[in-house]
Amino acid sequence: RLRLDTAQKSLISGLCYAHSHAVRRCLALMFRDGLTTSETYHHLKSEGKLTSHQIGSAQNVAEMLYKRQLEADKYLNSKIEDSIKARKAAIDSGKRGLTSLKKQLVSQQTLASTLSPSKTGKRLKAYAECLAKVRALSEKVDIKSKWLKMKESGLEHKQRQLTRLSMRLDEKRVSICFGSRKLLPQIIKRLL
């Protein structure tokens, strides 16, 4: 690690802040306001705070960040689409399983009603076993129904997420987070 005095540390901190600010300004001017590279350069040069090399570096970093985030969003878009397909398949399979469980439950309930003591005149062992199966199947139906509701809710969330991301991609907008206000001093502290 470099051993720097307080003045050197504050100088490096100031340069890092100026570069970070310039990158943010380039992102805003180029990709939000739609200015060209040369218009952005002249706009930042007219502010008089940065040299031409610093502006060029900030523009390069801004373009790199934008393109990287755009590719990451495209990748995320494809992953969400795959996730939606898988979730739809799981829901379809779950619905078929729930239908099967409900049919089994109805047949067991029908069997239990024919074996009931009111019809046979005595309590049979088969009736008790049938009631146990009815209880078990009822629990499975409840669990499967809750699972399906949860999966359908998750599917709706994924579809909303995909819609928002697709709209952002259509507009060629990206969301870039530079971190909190505390992040830059932490990074500088680690470097020094």
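The values are calculated or read from the model by the stated rules, or taken from the named source; none is laboratory data. Keep in mind the model is a prediction, meaning the values are calculated, not measured. Every residue, glycine as well, gets a Cβ built from its backbone with ideal geometry; the counts of neighbours run over all protein chains shown. Remember, those area values only see protein heavy atoms, side chains included, never the ligands or the DNA or RNA. Shrake-Rupley method; radii C 1.70, N 1.55, O 1.52, S 1.80 Å.
Odds and ends about this structure:
- Label-zone membership for region 15-45, site Leu4, 7 angstrom Cα→C-beta point, backbone N under 13 Å: 15-19
- Carbon and sulfur %, accessible surface of the chain computed with the full protein complex present, 1.4 Å: 55
- Proximal lysines to Lys9, defined as alpha-carbon separation beneath 17 angstrom and excluding residues fewer than eight positions away on the same chain: Lys182, Lys189
- Stretch gain in nm, segment Gln54-Leu15, where the contour uses 0.36 nm per residue and the Cα spacing is subtracted: 13.0 nm
- Answer label for mean projected area of the Cα convex hull in nm² (calculated), chosen among (1) 14.4; (2) 11.7; (3) 19.0: (3)
- Neighbour cut-off at most 12 other Cβ (10 Å), DSSP loop, trypsin sites (Lys or Arg not before Pro), region 95-149: Lys122, Arg123
- For region 101-191, chymotrypsin sites (Phe, Trp or Tyr not before Pro) meeting the loop criterion (DSSP other than H, G, I, E, B) and having at most 16 other Cβ atoms within 10 Å: Phe178.
- Coil-residue trypsin sites (Lys or Arg not before Pro) of region 1-47, DSSP, other Cβ within 10 Å capped at 14: Arg1, Arg3
- Heavy atoms of Met150 accessible to a 1.4 Å probe, total area in Å² rounded to 10: 120
- Rough spin-label spacing in nm, given labels placed 7 Å along Cα→Cβ, for Thr120 and Ala28: 8.1
- Proximal lysines relative to Lys67, as straight alpha-carbon distance under 17 Å, when same-chain residues fewer than 8 apart are discounted: Lys172
- Estimated FRET transfer efficiency when R0 is 45 angstrom, pair Glu156-Glu63 (beta carbons, to 0.05): 0.80
- Within the chain, helix-based [θ] at 222 nm, where runs of 4 or more DSSP H residues each add -39,500 (n - 2.57), nearest 500: -29000 deg cm²/dmol
- Take the chain with all the other protein chains still there, run a 1.4 Å probe, and you get 71 Å² of accessible area per residue.
- Global geometry of region 6-77, whether rounded, prolate or oblate, following the gyration tensor of its Cα atoms and the 1.5 cut on a/c: oblate
- Summary of the geometry: region 56-77 and region 119-135, compared by the centres of their Cα atoms, lie 68 Å apart.
- Listed by chain and number, the lysines placed with their C-alpha closer than 18 angstrom to that of Lys149 are Lys85, Lys88, Lys95, Lys102, Lys140, Lys158; residues fewer than eight positions away on the same chain are left out.
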